[in-house]
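Participant: There's a structure below that I have some questions on.
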Amino acid sequence: MKTKGEVFFFAVCVAFFGFMGVQALALMGEGRAGEIGSALWPLIALAASLGFSVVLLVRAVRSPRRAAAAQAADRDEGDESRRRRQAVALSTACFFVYLWAVSLIGFILATLLFIPAFAFALGERRVKVLVTAPLVLTTVMSAVFLKFLSIPFPKGIGIFAAFSRLFY
Amino acid sequence: MLEIYAQAFATVLLPPNLLAMVLGALWGLLAGALPGISTSMGVVLILSFTYTLSPMTAFVLLVGAYLGGITGGGITSILFGIPGEPSSVPTVIEGHALAKQGKAAAAMWTYLLCSIFGGLFSVLFMIVATPLIADFALRFGPAEYFALTILGLSVVSGLSGGSMLKGFLSCFFGLFLATIGTDGITGEERFTFGTVTLLGGVNFVVAMVGLLAVSEIMIEAEEPFKEYKGMVEYRGLLQELPRFSLFRKYWLTMIRSPIIGTIVGALPGAGATIAAFLAYGEAARTAKHEPQKFGKGAIEGLMAAESANNASTGGSMTILLSLGIPGSNTTAMLVAAFMIHGMQPGPLLLSQRPDVIYGIFVAMIVINLLLLVVAGTAIRLFLQLNRLPYSVFSAAILILCVVGAFGINNSVDDMMLMFVFSLIGYFMRKFGVPVAPCILALVLGDLAELSLRRALLLAGGSPLGLVSGPISAVLLLGALVSIVYPLIKKPKMLGAS
Amino acid sequence: MKKKMVCLSLTLSLALLLGGGFRISTAQAADFPERAIEIVVPFGAGGGSDTAARAVAEGMKPLLKHGLVVTNMPGGGATKGMLHVSQQPADGYTVLAVTTSHLIDAVKPKTRAHILNDFDPLCRIQWDTSGVIVSGESKFKTIEELIDYGKKNPKMLKFAGTSPGGWSEIQTVAFFKTVGVQVTFVPFDSGAEIKAAILGGHIHGAVEELAETLPLINAGKLRALCVIMDKRHPALPDVPSAVERGINYTHGLMRAWAVRKGTPPERQKFLLEVIRKALENPTYVKYIKDNHLDVRPGYLGPEETRKYWEEEIAFFAEVLKDLGYVK
């Protein structure tokens, strides 16, 4: 499993750096007289990255022994490991939704909803924590960042903007 | 001479000035510790309160905020793994790793002592050698900047952990990231794909928050659930303070880092962040005791970075007070403060208003000593946060990350960019690609490329221009040695994973 | 118990939401402005544009019932802030601090928002003065010596600036073109770096705004060869002006304020009135005096500003074509 992942990861690297390399070629010829131009430096960085990724990809493909060992280990871990991986995916998804929500419904409401959702995704089941933490944390964060430091966070759209304007 | 200083001390220690220093230091610490509020923003925010103050009170307040800000960055870095200030990123890498090993308190006190030591060192350095530092800094042209950044990048093998191959991959990835955005020489857009967000390039605070802090939370989420973060059992001041033997063991780092910090701080094109990274890199390169620990909680790296970034304040102030050139964003704010009070910072200021110049020198010493007390108290309070439930603590860190990413440019797009980087960071860590070289390259890459191209423009296209000066030649030679030497010494490292 | 709490907070937030909605519906009738005006500065805190905007804003605050906020929105060489304002409703609540870089942007084919087509100018507030600056130890003692050297050694004269393809490059290259010299422009990241590079003897000089360099000029570390204006600069009475030396070039950095096109005229008028009062505020007057921003009259009304912009844009189009930025 680990090796399979590794192969996939370095393959993505190769594709990414290759693609960017092609983009960089389009910059060739831009520059002032007497210097190396816009393209050369990124091309060097990309070529080197591409080279290292290819080497690492080849090595990942060619290590069957470690693959077998890793697979055995993976089987042993079983359910618990899969559950934890789900927790990662779920909490990451929560975070992503939060980032969207901030501009959609404003910082205060988004934060208020994000904290319990994220804590739950991590595995928090203490009801006391899930109820009090969002209220306390949101109040503290809003007071410090919105009121005290007046960072201009998005207020949300429509009715949510009106709600946000009540506070900041 | 002595009389001038005695008088300056008497002025600085007047009650209103003393109060201003404490308030400034407190405010600075807060601004430094909070992601999203940089030291320079912290100084801007109190600038408008200084209109009505007497000049001396205004300056000690602002300088207090400046020194406090640079110091405060370390607190959030160690405790939450978020760089409160860009200059504290090496502190995140080493300090937060130490915190996770349950050594948060020890790391905090070491960081504070090193910060104050670096700050005091640079003030004394500055008092003794202002003209010397200024002259030396002016000798840095594009070729010298280029050599300096290459020397900084050459430590990458020291930061790679196990596999040098992966370290180099990470480093070149960082160099590529640094080229995104508007090209500083031609104005051409590179790799922006028509978006406005990327026009200004990948803001490295945004990238670092994603790569370091958020990905860390994601990695931690994979571990079995803990009820409490609970890594700190506070044991009382005396047990937690680092032993003197620690500083004796790393005496070389403790001397070298503030010198690097002061000089790099005086370079207008570099500053605290680059100073911290260079000192950190030097520590990694020459680490005798535990080189393998770098990236996984090396106290030496923490000491180097924090003493260097605080020492940059002395360098920055030197070039500001002697030439009127702001060496950093924050000292640019101080220029504004001088103007408000009817003074023109420049070479003539020393003869026109010696009281102000010497007052600031003295104030910097006093503020550093005050910070020891103020930040010491703050640290004890901050350590209490470890008693928060783990899930809430993590959520709070993520919100701080969002604030940090958003606050730099007040941009929603930057938040999304941060998310992209957190995914990249997560997979890099998963597959053993070290994150530190990438960040090092992202910090230094832009300056490296642009100063190379500037140097070529100035030399009319001749590469010989790069090594024409003694400084650049020595620095480049050093870089060459430090790249080649580990490859010869430990060729096996290249393959190991 | 806990359920009750949840219910309570839900009701509470619902009430707040409704309250908010109610506020909206009554807002239409209210006078302008009924909330804080936002000034968007498309540069970072502490820069020239930011300081200027904040200085004016300080004078506006007491005149506005709901106050105003200055928001820094740096990025993309002033593009990001402009784009942001062009996407806000045209209700007069968002004001853009315009600088010369927006005019230059208007010439470029890739521009994302056009300063003439998408914005209505409120007024020009400042018109800065630049000078030709070299090191105090430079072999060039007069502007003629510099021009002479430049004519004999094309492209060997190296001048520093900040924004490639932006104001800094344009003013450097256009000035030297007027006197028939081909100059090599070397872009740096900040004014501080440029000054250090000139002082350290790494580059010949720069064409830069004067205010920031005055202390170094007065100390003899830097030397101004000429001020780019039609008369001499009061702070540098010994330095000749460009026009007096027969150089017909007087362009300078401009700062103005604008709102999105389509903003109701009475709101534009209101804002203009407030700004005009703020420009007479003693603190602001002292600020521009200290920074020598009053050497040339800065204020221009809306129509004059638009006309001035059109002329400048036409001029920039020509220079950028020469430089190859616009094909």
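The values are calculated or read from the model by the stated rules, or taken from the named source; none is laboratory data. Because the structure is a prediction, the values reported are computed rather than measured. Cβ placement follows ideal geometry from the backbone for every residue including glycine, while neighbour counts extend to all protein chains displayed.
Participant: Of the residues that sit in segment C:210-224 and are in contact with a Ser or Thr (Cβ under 7 Å, 6 or more places away or on another chain) and buried (at least 23 other Cβ atoms within 10 Å of the Cβ), which one is farthest from the other protein chains (Cβ to nearest Cβ)? Even if it seems obvious, please write down each step before you answer.
Facilitator: Quick first cut of segment C:210-224, residues in contact with a Ser or Thr (Cβ under 7 Å, 6 or more places away or on another chain) only: C:210, C:222-223.
With the extra rule that they be buried (at least 23 other Cβ atoms within 10 Å of the Cβ), the set shrinks to C:210, C:222.
Numbers: C:LEU210: 12, C:LEU222: 10 Å.
Within segment C:210-224, the match that is farthest from the other protein chains (Cβ to nearest Cβ) is C:LEU210.
Participant: Considering each of B:PHE406, B:PHE419, B:PHE427 in turn, give the residue that is in contact (Cβ under 8 Å) with a residue 60 or more places away in the chain and away from chain C (no Cβ under 14 Å). Can you show your working first?
Facilitator: On the way: B:PHE406 fails: away from chain C (no Cβ under 14 Å); B:PHE427 fails: in contact (Cβ under 8 Å) with a residue 60 or more places away in the chain.
One residue alone meets the criteria, B:PHE419.
Participant: Only residues that are over 22 Å from B:LEU45 (Cβ atoms) and in contact with a strand residue (DSSP E or B) (Cβ under 9 Å, 6 or more places away or on another chain): list them for segment A:132-168, please.
Facilitator: A:ALA133
Participant: Mind listing whichever residues of segment C:144-173 are more than 14 Å from chain B (Cβ to nearest Cβ) and surrounded by fewer than 20 Cβ atoms within 10 Å (Cβ to Cβ)?
Facilitator: Step one: list which residues in segment C:144-173 are more than 14 Å from chain B (Cβ to nearest Cβ), which gives C:144-152, C:171.
Within segment C:144-173, C:GLU144, C:GLU145, C:ASP148, C:TYR149, C:LYS151, C:LYS152 qualify.
Participant: A further question on this structure: Does C:THR79 satisfy the condition of being modelled with pLDDT of 90 or more and β-branched (Val, Ile, Thr)? Walk me through how you get there before you give the answer.
Facilitator: Values: modelled with pLDDT of 90 or more: no; β-branched (Val, Ile, Thr): yes.
So C:THR79 fails the test.
Participant: Then there is this: Considering only segment B:14-30, I want to know if a residue exists there that is in contact with a Phe, Trp or Tyr (Cβ under 8 Å, 6 or more places away or on another chain), without any contact (Cβ under 8 Å) to a residue 60 or more places away in the chain and under 28 Å from B:SER411 (Cα atoms).
Facilitator: yes
Participant: Go through (1) part of a helix (DSSP H, G or I); (2) more than 14 Å from chain C (Cβ to nearest Cβ) and name the single condition B:ILE82 misses.
Facilitator: The failed condition is (1).
Participant: State whether the residues of segment C:30-53 include one that is part of a helix (DSSP H, G or I), at pLDDT below 90 and farther than 26 Å from C:ARG276 by Cβ.
Facilitator: no
Participant: Looking only at segment B:158-200, count every residue that is more than 14 Å from chain C (Cβ to nearest Cβ), more than 21 Å from the chain's Cα centre (by Cα) and at pLDDT below 80 and tell me the total.
Facilitator: Within segment B:158-200, residues that are more than 14 Å from chain C (Cβ to nearest Cβ), more than 21 Å from the chain's Cα centre (by Cα) and at pLDDT below 80 number 2.
Participant: Would a scan of segment B:421-443 turn up a residue that is hydrophobic (A, V, I, L, M, F, W, C), assigned to a helix (DSSP H, G or I), out of contact with any Asp or Glu (no Cβ under 7 Å at 6 or more places or on another chain) and more than 28 Å from A:GLY5 (Cα to Cα)? Before you say what the answer is, go through the steps one by one.
Facilitator: Quick first cut of segment B:421-443, residues hydrophobic (A, V, I, L, M, F, W, C) only: B:421, B:423-424, B:427-428, B:431, B:433, B:435-436, B:438-443.
Next cut, assigned to a helix (DSSP H, G or I) only: B:421, B:423-424, B:427-428, B:436, B:438-443.
If we keep only those that are out of contact with any Asp or Glu (no Cβ under 7 Å at 6 or more places or on another chain) as well, we get B:421, B:423-424, B:427-428, B:436, B:438-443.
Then drop every residue that is not more than 28 Å from A:GLY5 (Cα to Cα), which leaves B:443.
Yes; the residues of segment B:421-443 include at least one that is hydrophobic (A, V, I, L, M, F, W, C), assigned to a helix (DSSP H, G or I), out of contact with any Asp or Glu (no Cβ under 7 Å at 6 or more places or on another chain) and more than 28 Å from A:GLY5 (Cα to Cα).
Participant: I need the helices (runs of 4 or more DSSP H) fully contained in segment C:238-327, keeping only those with at least 3 residues that are at pLDDT below 90.
Facilitator: Working: elements: C:265-279, C:282-290, C:302-323.
Output list reads C:282-290, C:302-323.
Participant: Taking the residues in segment B:322-336 that are surrounded by fewer than 24 Cβ atoms within 10 Å (Cβ to Cβ) and more than 7 Å from chain C (Cβ to nearest Cβ) as candidates, determine which candidate is modelled with the lowest pLDDT.
Facilitator: By that ranking, first place goes to B:VAL335.
Participant: Sticking with this one: State the number of residues belonging to segment A:131-164 that are more than 7 Å from every other protein chain (Cβ to nearest Cβ) and in a helix (DSSP H, G or I).
Facilitator: Result for segment A:131-164: 16.
Participant: Return the residue satisfying two criteria in turn: it lies in segment B:378-401 and is within 13 Å of chain A (Cβ to nearest Cβ) and among the polar types (S, T, N, Q), and of such residues it is nearest to B:VAL412 (Cα to Cα).
Facilitator: If we filter segment B:378-401 for residues that are within 13 Å of chain A (Cβ to nearest Cβ), which is where we start, we get B:385, B:387-401.
From what is left, the residues that are among the polar types (S, T, N, Q) are B:391, B:394.
Values: B:SER391: 25, B:SER394: 21 Å.
That would be B:SER394.
Participant: Got a number for residues in segment B:199-219 being of a type in the set (A, V, I, L, M, F, W, C) and either without any contact (Cβ under 8 Å) to a residue 24 or more places away in the chain or in a loop (DSSP other than H, G, I, E, B) (or both)? Give the steps one after another, and end with the answer.
Facilitator: If we filter segment B:199-219 for residues that are of a type in the set (A, V, I, L, M, F, W, C), which is where we start, we get B:199, B:202, B:204-209, B:211-214, B:217-219.
With the extra rule that they be either without any contact (Cβ under 8 Å) to a residue 24 or more places away in the chain or in a loop (DSSP other than H, G, I, E, B) (or both), the set shrinks to B:199, B:202.
Of the residues in that region, 2 qualify.
Participant: Could I ask something else about it? Scan B:ALA143, B:ALA99 and give me the residue that is within 14 Å of another protein chain (Cβ to nearest Cβ) and either crowded, with 24+ Cβ neighbours inside 10 Å or more than 25 Å from B:LEU458 (Cα to Cα) (or both). Please lay out each step first, then the result.
Facilitator: On the way: B:ALA99 fails: within 14 Å of another protein chain (Cβ to nearest Cβ).
Selected residue: B:ALA143, the only one of B:ALA143, B:ALA99 that is within 14 Å of another protein chain (Cβ to nearest Cβ) and either crowded, with 24+ Cβ neighbours inside 10 Å or more than 25 Å from B:LEU458 (Cα to Cα) (or both).
Listed here are the residues, each with its yes/no results for (1) more than 10 Å from chain A (Cβ to nearest Cβ); (2) closer than 29 Å to A:SER91 by Cβ; (3) in contact with a strand residue (DSSP E or B) (Cβ under 8 Å, 6 or more places away or on another chain); (4) crowded, with 24+ Cβ neighbours inside 10 Å.
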residue: B:LEU440; (1), (2), (3), (4): yes, yes, no, yes
residue: B:ALA455; (1), (2), (3), (4): no, no, no, yes
residue: B:SER472; (1), (2), (3), (4): yes, no, no, yes
residue: B:ILE483; (1), (2), (3), (4): yes, no, no, no
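Participant: Among the residues of segment B:58-79, are any of a type in the set (S, T, N, Q) and surrounded by fewer than 24 Cβ atoms within 10 Å (Cβ to Cβ)?
Facilitator: Scanning segment B:58-79, I find no residue that is of a type in the set (S, T, N, Q) and surrounded by fewer than 24 Cβ atoms within 10 Å (Cβ to Cβ), so the answer is no.
Participant: Quick one: count up the residues across segment C:74-88 that are assigned to a loop (DSSP other than H, G, I, E, B), more than 14 Å from the chain's Cα centre (by Cα) and under 23 Å from C:ASP189 (Cβ atoms).
Facilitator: The initial filter retains those residues of segment C:74-88 that are assigned to a loop (DSSP other than H, G, I, E, B), namely C:74-78, C:88.
Filter again for more than 14 Å from the chain's Cα centre (by Cα), leaving C:75-76, C:88.
After this cut, where a residue has to be under 23 Å from C:ASP189 (Cβ atoms) as well, the list is C:75-76.
The qualifying residues number 2.
Participant: Only one of C:ASP120, C:ASP91 is in the same structural domain as C:ALA55 (by TED's automatic domain parsing) and in a strand (DSSP E or B). Can you tell me which? Lay out the reasoning, then the answer.
Facilitator: Numbers: C:ASP91 fails: in a strand (DSSP E or B).
Answer to the check: C:ASP120.
Participant: So, in segment C:71-119, how many residues would count as being buried (at least 23 other Cβ atoms within 10 Å of the Cβ) and without any contact (Cβ under 8 Å) to a residue 12 or more places away in the chain?
Facilitator: Residues in segment C:71-119 being buried (at least 23 other Cβ atoms within 10 Å of the Cβ) and without any contact (Cβ under 8 Å) to a residue 12 or more places away in the chain: 1 in total.
Participant: Any residue that is without any contact (Cβ under 8 Å) to a residue 12 or more places away in the chain, more than 14 Å from chain C (Cβ to nearest Cβ), in a helix (DSSP H, G or I) and touching a helix residue (DSSP H, G or I) at 6+ places or on another chain (Cβ under 8 Å) - is there at least one of those in segment A:107-120?
Facilitator: Here is the first cut: in segment A:107-120, the residues without any contact (Cβ under 8 Å) to a residue 12 or more places away in the chain are A:120.
In the following step, the residues that additionally are more than 14 Å from chain C (Cβ to nearest Cβ) were identified as A:120.
In the following step, the residues that additionally are in a helix (DSSP H, G or I) were identified as A:120.
Those still in the list that are touching a helix residue (DSSP H, G or I) at 6+ places or on another chain (Cβ under 8 Å) too: A:120.
The answer is yes; a qualifying residue exists.
Participant: If a residue must be touching an Asp or Glu at 6+ places or on another chain (Cβ under 8 Å), within 12 Å of chain B (Cβ to nearest Cβ) and buried (at least 17 other Cβ atoms within 10 Å of the Cβ), how many such residues does segment C:268-322 contain?
Facilitator: Residues that pass the stated criteria total 2.
Participant: Can you tell me which residue in segment B:268-320 is surrounded by the fewest Cβ atoms within 10 Å (Cβ to Cβ), limited to those that are part of a helix (DSSP H, G or I) and charged (D, E, K, R)? So that I can check it myself, show each step before the final result.
Facilitator: Step one: list which residues in segment B:268-320 are part of a helix (DSSP H, G or I), which gives B:272-286, B:291-293, B:299-320.
Now restrict to residues that are charged (D, E, K, R): B:282, B:285, B:293, B:300, B:306.
Values: B:GLU282: 23, B:ARG285: 21, B:LYS293: 18, B:GLU300: 27, B:GLU306: 37.
Ranking the candidates gives B:LYS293 first.
Participant: Considering every residue within segment C:155-176, establish whether at least one is among the polar types (S, T, N, Q) and over 25 Å from C:ASN291 (Cα atoms). Before you say what the answer is, go through the steps one by one.
Facilitator: Taking segment C:155-176 and keeping what is among the polar types (S, T, N, Q), we get C:162-163, C:168, C:171-172.
Checking which are over 25 Å from C:ASN291 (Cα atoms) leaves us with none.
Taking every residue of segment C:155-176 in turn, none turns out to be among the polar types (S, T, N, Q) and over 25 Å from C:ASN291 (Cα atoms).
Participant: Under 9 Å between Cβ atoms, which residue pairs at least 6 apart in sequence (or on different chains) link something in segment B:480-496 that is in a helix (DSSP H, G or I) with a partner that is at pLDDT below 60?
Facilitator: Partner pairs satisfying both residue conditions: B:PRO486/B:MET493; B:LEU487/B:MET493; B:LEU487/B:LEU494.
Participant: Further question: Do we have B:ILE46 as surrounded by fewer than 24 Cβ atoms within 10 Å (Cβ to Cβ) and within 14 Å of chain C (Cβ to nearest Cβ) here? Write out each step before concluding.
Facilitator: On the way: surrounded by fewer than 24 Cβ atoms within 10 Å (Cβ to Cβ): yes; within 14 Å of chain C (Cβ to nearest Cβ): yes.
In short, yes.
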